[in-house]
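These notes are about the structure you will find just below.
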Amino acid sequence: MQEKDTQQILAYQSSTNCSNHLSMAAQPNENHLLIIEDDQGRKEFPLENPVYSIGRDRNCNIRLISQFVSRHHATLVRLRRMNNSNSYYYRIVDGDPKGKPSSNGLMINGRKMLAHDLKNEDEIVFGPQVRAIYYLLKNSQRSGQTDASEYDITLINPGMTEEEED
């Protein structure tokens with residue numbers, strides 16, 4: 001059932017202007033981050049757009065450098081949370097937006113999957129030595145407020161710093 005829903009979402013997005021139908025302002029207290037490790041090292045991608053293509057093709061939004069990765073390996077789609085219209089999550093789908101799957105598939109948290117709604121610290125493996133970790137960062141602070149740890153002062157008793165005499 002989830003695979004059919006995902007294909008419908010991708011078909012809908014490829015036939016419409018995604019920015020008009022999926023335009024959602026990021027929550028100021030919520031940030032989405034994808035950290036990629038591939039043959040060129042580690043790269044961080046703050047996620048803000050409604051759709052990302054992931055693969056080794058030069059035209060992909062998130063380019064992976066590895067011979068084991070398909071040209072269009074996966075697609076990230078931003079979706080609204082049911083319980084909060086101002087909050088959203090990302091779903092990763094194997095293959096390109098037209099439904100063509102990647103050669104090696106996706107391993108998410110150790111399980112081979114066609115699609116998955118990403119949660120904080122999910123690990124995605126695209127191939128040997130090519131992986132990503134998704135982070136959902138939540139700021140609990142409101143603007144204008146300060147954190148108590150910012151003013152933490154630790155007092156040291158002078159007797160604690162004296163060296164013991166033999």
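Nothing in this text is a laboratory measurement; each read-out follows from the coordinates by a stated rule. Remember, it's a predicted structure, so these values are computed and weren't measured experimentally. Cβ: placed from backbone, ideal geometry, glycine included. Neighbour counts: every protein chain shown.
Using R0 = 22 Å, the C-beta based FRET efficiency linking ASN139 and LEU79 works out to 0.55. Computed extension length for GLU30-ASN86: 19.1 nm, one decimal, from 0.36 nm per residue of separation with the Cα-Cα distance subtracted. Model label points for ARG131 and ARG58, set 7 angstrom from Cα along the Cα-to-Cβ axis, are 3.1 nm apart.
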